Each structure stands twice: as structure tokens, then as C-alpha cells.
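No lab work stands behind these numbers, since they all come straight from the coordinates. Not measured: the values here are computed from a predicted model. Glycine gets a Cβ as well: all are built from the backbone with ideal geometry, and neighbour counts include every protein chain shown.
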Amino acid sequence: GQSLEQPSEVTAVEGAIVQINCTYQTSGFYGLSWYQQHDGGAPTFLSYNALDGLEETGRFSSFLSRSDSYGYLLLQELQMKDSASYFCAVHTGRRALTFGSGTRLQVQP
Amino acid sequence: NAGVTQTPKFQVLKTGQSMTLQCAQDMNHEYMSWYRQDPGMGLRLIHYSVGAGITDQGEVPNGYNVSRSTTEDFPLRLLSAAPSQTSVYFCASSSGQRAQETQYFGPGTRLLVL
């Protein structure tokens, strides 16, 4: 089976940098994705890592270490609108995703 | 493009009732899936389809049926609703060209079973 672990809550202030970690155990691994979900909304795609290293997309970056079964999402220059839940999800080759339980990020002024 | 649409947005059922949650996409995506999200938790895969006429079970398929007669539509049927099926249901689609394709989610259906 698959399991993912990520912190349940993170708090940071506007303008700061925050890192959300994700460790996983899977049978079969193609890559790690990150999704953002605002309260009452649908998940939206943020980033995807298939290979080790850092992927940057604007204020968001995502890192993967396949040997450590570990990844993180880095959010820079935090804004109030970044307050949301962030989910890591592994791709196991079935073209379906296995999601973590999510990290609730609260950005304070 | 409307993307992925879901109806209804909200539904209240009594235990034992049946209903169908509708999902449609206009992006000509091959791959569609249904997830459920319980409070404070991640999404769990119920069923998925890699193309018209092909469906398969996900992590939590019991109590749900699906069919895929067209590329656009992927309805989810609850045959006999139970309180444990109270949840938010999301439909998603992707082009299915690669395992890592971005999935696009619909707005969700909030279901309460009494």
C-alpha cells in the first residue's frame, strides 16, 4: 500500500517563507505532486516532481529526494491568499493519485 | 471550456436511498476518477476510468458503482446510501497521456446521509 505523512498545520506571517514536508512509502513510484485547496474549494495543481531536485514555479518551489522518499513544498513571499490546505500526492503508475492528509497553512498579517 | 462540472452541489439523502452524482468534462480527457474527502483528510480514490467502457476500483469502492459510456461523462452511483458515505465527492480528469498528468478537479458535491 501507500502512505504519506505531512504536518497537519503550519503557521507563518505574511512575507515569510514556509516549507511543508512530505514523506511517503509506496509500492511503485512515478512522482510527487502538490495540490492546493482553499476552504470549500476544489484541489488545484501546483507542481510535480519526477526526478530528484528542485522545481520552481513563481513563488512556489517543490523538491524531491527519491532515495529518501521525501519531498517538500516551499512557499516564498507568503500572501494572505496562500492560506489554504496543501496536499502532497504520489503517482504510482495507475494514473490515479494517493493523497496525504494535508497541511493547513495559516498566514498571519 | 467549462472544465469539469459536477451536479448536484449539495444533496441530503436518507439511509437506504439511492442517487447518482453526475460528472462531465469537455476537455476530451481519457482519464476520469472519483474521490471522496472526509473532514480534515486527504482525498481517497473510489473508482477511476482510463477510457470509455473501462472502469476500475480505487481504494474505497464499496457501496459505489460507476460506468463510462462516453468520454465526457462519468457518473457515480450510490445504490443504498449509508451515513458513512457522508462526505464531499470530487470528480477529476486528466488527458491520461502519462501517469503524471495534472488532474483537474470539479467543484465537488457535498453529500449528507441521515
- Among B:GLN17, B:ASN28, B:LEU79, which residue has its Cα positioned farthest towards the positive end of the charge dipole of chain B, with +1 placed on the Cβ of Lys and Arg, -1 on the Cβ of Asp and Glu, and the dipole taken about the Cα centre? B:GLN17
- Query: So between A:ALA16 and A:ARG66, what do we pick up on full extension, going 0.36 nm a residue minus the alpha carbon distance?
  - Reply: 15.2 nm
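Which value, in debye to the nearest 20, gives the size of the charge dipole of segment A:64-109 about its Cα centre, when Lys and Arg are +1 and Asp and Glu are -1 at the Cβ?
Taking the Cα centre of segment A:64-109 as origin, the dipole is about 260 debye.
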- Message: Can you compute 3J(HN,Hα) from phi for each residue in segment A:11-20, using the Karplus curve 6.51 cos²θ - 1.76 cosθ + 1.60 with θ = phi - 60°, rounded to whole Hz and x for Gly and Pro?
- Response: 10, 8, 9, 3, x, 7, 10, 9, 10, 10
- Among all cysteines in the protein assembly as shown, which have no other cysteine Cβ under 4.7 Å from their own Cβ? none
- How crowded by other chains is A:40-51, given as the mean number of beta carbons from other chains within 10 Å of each beta carbon? 4
- Note on the structure: Taking every DSSP bridge whose two residues both lie in the protein assembly as shown, the antiparallel percent to the nearest 5 is 90 percent
- For segment A:1-63, which GluC sites (Glu not before Pro) are in a loop by DSSP, counting at most 15 other Cβ atoms within 10 Å? A:GLU14
- Once amide H atoms are built 1.01 Å from N in the peptide plane, which residues 5 or more positions from A:SER83, or in another chain, come under 5 Å H to H? A:VAL107
- Message: On the Cα set of chain A, report Rg and Dmax in Å, please.
- Response: 13.2, 42
- Query: Check B:GLY58: other-chain or 5+ apart residues with amide H under 5 Å from its amide H, H built from backbone geometry?
  - Reply: B:HIS47, B:TYR48
- Here the longest stretch of chain B that holds no trypsin sites (Lys or Arg not before Pro) in a DSSP loop having at most 11 other beta carbon atoms within 10 Å is B:15-114
- Item | Highest-fluctuation residue, A:ALA89, A:ALA12, A:ALA42 considered, GNM on chain A with Cα pairs under 10 Å | A:ALA42
- Message: If the only charges are +1 at each Lys and Arg Cβ and -1 at each Asp and Glu Cβ, what is the size of the charge dipole of the protein assembly as shown around the Cα centre, to the nearest 20 debye?
- Response: 660 debye
- Take every DSSP beta bridge with both residues inside chain A and express the antiparallel ones as a percent of the total, to the nearest 5. 90 percent
- segment B:45-114: relative contact order as a whole-number percent, Cα under 8 Å and 6+ apart: 23 percent
- Under a 10 Å cutoff between Cα atoms, tell me which one of B:MET41, B:MET32, B:MET19 has the largest fluctuation in the Gaussian network model of chain B. B:MET41
- Farthest toward the dipole's positive end in segment A:26-109, which of A:GLY53, A:LEU74, A:HIS38, given Cβ charges of +1 (Lys, Arg) and -1 (Asp, Glu) about the Cα centre? A:HIS38
- chymotrypsin sites (Phe, Trp or Tyr not before Pro) restricted to segment A:32-64 and DSSP loop, no more than 11 other C-beta within 10 Å: none
- Query: In the Gaussian network model of chain B, springs joining C-alpha atoms below 10 Å, which of B:GLY42, B:GLY58, B:GLY16 carries the largest mean-square fluctuation?
  - Reply: B:GLY42
